[in-house]
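What follows is one structure encoded as structure tokens, with my remarks underneath.
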């Protein structure tokens, strides 16, 4: 059975889609489906941020044909694991669960899978920054990926 993972950030044009892209392209051999969504509808329908696309491409990832979407109540039931980029996003998932009456299976902080992460587990938002901020965010995402894959290998 396929294990379904959802990455969640604010608008679904930077962090969550970058994390989706990295994981999707590194889970060879595992029955894992990866998607992403945003807490806000503000960016709905928009493509991946051009800076995120550039950094992904420069690091050798295939840039997805992505359109931002908002987190929906059905996502709470459909995904085995929901990974929040910040504590604010985790609280947003919890609010949606409360409003909809749908209890998600497992909601965690994305960086909780990085053994080197300590204290604040938020993935910084690069949107207000420049390419170096996007590069740092991608490095943070890449640091999480081995621990996340190890976790998924036990479930998929």
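Read the figures in this text as sums done on the coordinates, not as results from a lab. Everything quoted here is computed from the prediction, not taken from an experiment. We place every Cβ from the backbone using ideal geometry, glycine too, and count neighbours over all the protein chains shown.
A compact table of results
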read-out: Percent RCO, i.e. relative contact order, over region 13-76, from Cα pairs under 8 Å lying at least 6 residues apart; value: 42 percent
read-out: Within a Gaussian network of the chain (alpha carbon springs, distance under 10 Å), most fluctuating of 28, 75, 122; value: 28
read-out: Square roots of five times the Cα gyration tensor eigenvalues for region 38-123, Å; value: 24, 19, 11
read-out: Radius of gyration and maximum dimension Dmax of region 92-156, Cα, Å; value: 14.6, 41
read-out: Computed over region 18-132: relative contact order in percent, which uses C-alpha pairs under 8 Å that are six or more apart; value: 22 percent
read-out: Relative contact order (percent, whole number), region 66-156, Cα cutoff 8 Å, 6+ residue spacing; value: 25 percent
read-out: Candidates 135, 84, 118: whichever shows maximal mean-square fluctuation once the chain is modelled as a Gaussian network with Cα springs under 10 Å; value: 118
read-out: Euclidean distance between Cα centres, region 103-136 to region 61-99, Å; value: 14 Å
read-out: Of 12, 120, 46, the one that fluctuates the most in a GNM where the chain has Cα springs shorter than 10 Å; value: 120
read-out: Value at 222 nm in deg cm²/dmol, rounded to 500, when DSSP H runs of n ≥ 4 in the chain each add -39,500 (n - 2.57); value: -12500 deg cm²/dmol
read-out: Cβ crowding within 10 Å averaged over residues, with 36-42, 101-107 ranked highest first; value: 36-42, 101-107
read-out: Taking 20, 43 and counting other C-beta atoms within 10 Å, the order from fewest to most; value: 43, 20
read-out: Descending Cα extents along the principal axes, region 1-153, whole Å; value: 41, 35, 33
read-out: Residue 46 versus residue 25: modelled label distance in nm, points set 7 Å from Cα along the beta carbon direction; value: 2.2 nm
